[in-house]
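Quick note: the coordinates plus some simple rules give every number you see, no bench work behind them. Here the structure is a predicted model, which means the values were calculated and not measured. With ideal geometry, Cβ positions are generated from the backbone for all residues, glycine too; neighbour counts draw on all protein chains shown.
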C-alpha cells in the first residue's frame, strides 16, 4: 500500500489533508481558549465569621458552599474526650493534632482541632487547661469530616479526623455536627511548641464554558478524520490495483488454458486422419471376401 502512497498524486492529497487538519486543530485551540476566557469565577465570602447554628445544623452534610467557611461557636470542652491525630502536615512537616469534644450551648457535639505540634508532648496538660476554661467562644474554619480509611491503623497511626469514629469514643453525644472546626482562637494553652493549625482560605472556584469545550473536541475529531480520509483513499486505490492485477492474471491464465486445449484437440484430429486409409483398405478387402461365396458358377 505504501508504494501507492508514495506517488506524487497521493503525496499532494496528503499535504492538502494535513493543511485541513491543521486548520481544524487551530479552530479547536481557539474554542478551548474561549472556554477558559469565558469561565465564570465563583466568588464566595468564606472569611466573614458566621454563628455555626446560622449556617448549618447537627447531622446536616457539609456542602461545597459550607466547606471552608469561618464560623463561631459557644460552648465548652468535655473532659476525657480528647484524641491525638498523627501525621498531620503543617507547612509540609508532619506532626500531631490535639482534637477535643466541644459541647455547644445548644447541647450539640462538635469536633474541634485545637493546635499542631511536632510531637504530642504536653497534650495531656493542654487538655486539662482547655476543660478548665469552661464556657468559651471559638472561631475557626468549618471543614468536612475525613474518611476513617485514611488512618494507618496497622502501623499504629491515627491520622484521620473522622467524626463517625469520634462519636463512638465520646462520653456525651446528642446531636453531632458532620464536620469539624479548625480553631483560629488563641486559647492560651501552655503546651510546649503548640501552634495554631494552618487552615488557608479555600481556592476560588470557576465554572468552565462546556459548550466551547465540546466544540474544541469536535474540531479535534475533524482533524483526525482529515488524515484518516487520506489513508482510506490510498487504501482503496491500492485495493483496486490489487483486484485489477488479480483479474488480469486470471484472464491470462484462462487464455493460456484455452490455447492449450485447442492445440490438444488439433493434435488429436491430425493423428486420427493419418490412420483412416488403412482402415478403409482393410474394410474393402473384407467386404469383397465376404461377397465371393455368393457368386455362382456359369451354366454350361
Arrange the following residues from fewest to most other Cβ atoms within 10 Å of their Cβ: 215, 228, 177.
-> 228, 215, 177
Relative contact order, percent, region 50-203 [alpha-carbon distance under 8 Å, six or more residues apart] = 30
Proxy exposure order for 201, 121 (fewest C-beta within 10 Å first) is 201, 121
Provide 91, 184 in ascending order of the number of other Cβ atoms located within 10 Å of each residue's Cβ, fewest first.
-> 91, 184
For region 50-203, inverting the pair-averaged 1/r of distinct alpha-carbon atoms gives a Kirkwood value in Å of 15.5
